[in-house]
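To keep things clear, I will list the structure first and then write my remarks on it.
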Amino acid sequence: MISLRSYNCLFLTALCFVFVASLFRAPVLEATQEEFQYKPPVELTKVKYLEPKAKSKAAKGSVEFTYNLHPKVPSGAKVEFEIIFKSRIMAKLLVPVRGKGRKALTYVWKPKKALPLGTNPDYRIMTSLPPDKQTKAVQTALGKLTDVFPKAEQPWPMSYPKVPVRIGSEADLKAEQQKITKIFISWTDSLLDLNYEFADLCDEVLEGKKFVKDGSLDRTDLADWVNGWQKKMAELQGKIRSFQEDHPDLFSKCAPARFLTEDLSKMVAKRAMRTTLGAVTKKYKTTVENLRLKKVKGFDSNLQRGQRYSPAAMKLLYDQIAQHAKFPKPEDEEAKDKKEEVEGDKEGSSSKKDSKKKSSTKKKSSTKKGSTKKKS
C-alpha cells in the first residue's frame, strides 16, 4: 500500500514533468502559427442587394460583390464566391481575374431563381481560390508562390461574418415576415377552433342534448360526426406537412414553428379522441373502439412516447409557435387592450381637466374684461 508521503512525491513529480513539457512545447506552437499566417488571396469588402427594376412577383434582384485581390494573384485565375443560407449552399460562383486591377473590384450576380430574403447571420459568404478549377498556367504560377499562399492552406478560404449581407429590400423582408405570421396565425386559430368544436359537441352529448335517445348513445350518428371532424383535421394537417414543399423559401425561415404546429395538431387530435371522446363513451358505458370509426387518411394523433397533451402542454407549445412565427400571444393582446383602455381613460380625464381649465380661464378673462369695462 502506497503511503501518503510517497503519493505526494509522485504527484509533485508528475506536475513538474507537465510544466517542463509545456515550456518546451510553447515555442513549437508559436512557430506553427506563424508559419501559416498569410494574407488571403481574396478580401470581400461589401455585399449590396440590387432591387429588380420590374415590380412583378417573377422579378429577381441581383447581388453586387465588392472585393480586393492579393497583388500576386495571377491574371486568368478564377475566384470562387460561395453563398450560404442557413448552412445550405445556394450558389458557387467562379469569377475570372482580368487585367492588372486588384483593388475595389466588383462582380454582379444575377440568380436564376429568387433567393430567400434574409440578413446576417442567416447569410454567409465564403471566398477561395481553388487550384483544381484553375488553368495549368495559373496552377504553375500559384505553385511558385508558396511563400505567399502556403500549399497546406489550399484553397485559401475566408469567411466574412462582419461584412453586412442583406438579400431583399426592407419592405420585402417586412412583407415576408407578415406572410409567415399570417399563415401560422391561421393554422393555430383553426386548430383552436377544431379543439373547441369537438369539446362543445361532447359537452352536449354528455348533457344528453345530441346523439342520445332514451338515455342511450346513438353510436352511428356520433361516429359519423367524429369522422367528419377527423377529415377537417386531416385536411389542416396536410397543409401543415406540405408547407416545406409549397413554400421552400419561407420554410427555411420558420422551420421550428412548422414542426411545433404539426405537434400541436397531433396534441389536439389525441386529446379529442382519447380524453374528450373517452369521457363520453365512459358515461354511456361503451368504448371508443365500439364506435367503429372509419380510418381517415391523413389524420394523425400519434405523439412521441411520453409527450403530454394536457391543456398546459398545448398552451406551452402554442407560446413557442408564437415566439418563432412572431405573432402576439392572446394574453399579450389582452394586456395591450387593457393598456390602451387605461391610456384612453387617462387621456379622457386629462382632456376633461384641460377643458375645465380652459373654461375657468375663459371665465376669469371675461370677469377681468368686465371689470376693466366698468372702470372705464
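Structural remarks
- Gain on full extension, evaluated as 0.36 nm per residue between LYS162 and ALA199 minus their Cα-Cα distance, stands at 8.0 nm.
- Estimated FRET transfer efficiency (GLN244, ALA152; beta-carbon r; R0 41 Å; 0.05): 0.50
- Note on LEU316 and ILE89: with the Förster distance fixed at 30 Å, the Cβ-Cβ geometry gives a FRET efficiency of about 0.25.
- Pairwise FRET efficiency - GLU235 versus GLU82, Cβ, R0 = 56 Å, nearest 0.05: 0.85
- Summing charges over all other residues whose Cβ lies under 12 Å from the Cβ of THR45, with Lys and Arg as +1 and Asp and Glu as -1, gives +2.
- Whole-angstrom gap from the stretch 184-203 to the stretch 238-265, using each part's C-alpha centre: 19
- Extended-chain gain in nm, criterion 0.36 nm per residue less alpha-carbon gap, THR140 and THR275: 41.2 nm
- Within the shell defined by Cβ-Cβ distances under 12 Å, the residues around LYS113 carry a net charge of +2, with Lys and Arg each +1 and Asp and Glu each -1.
- Using C-alpha pairs below 8 Å separated by at least 6 residues, the relative contact order for the stretch 50-142 is 36 percent.
All of the numbers you see were taken from the coordinates with simple rules; none came from a lab. Only a predicted model underlies this, so the values are computations on that prediction, with no experimental measurement involved. Note that we place each Cβ from the backbone using ideal geometry, even for glycine, and neighbour counts take in every protein chain shown.
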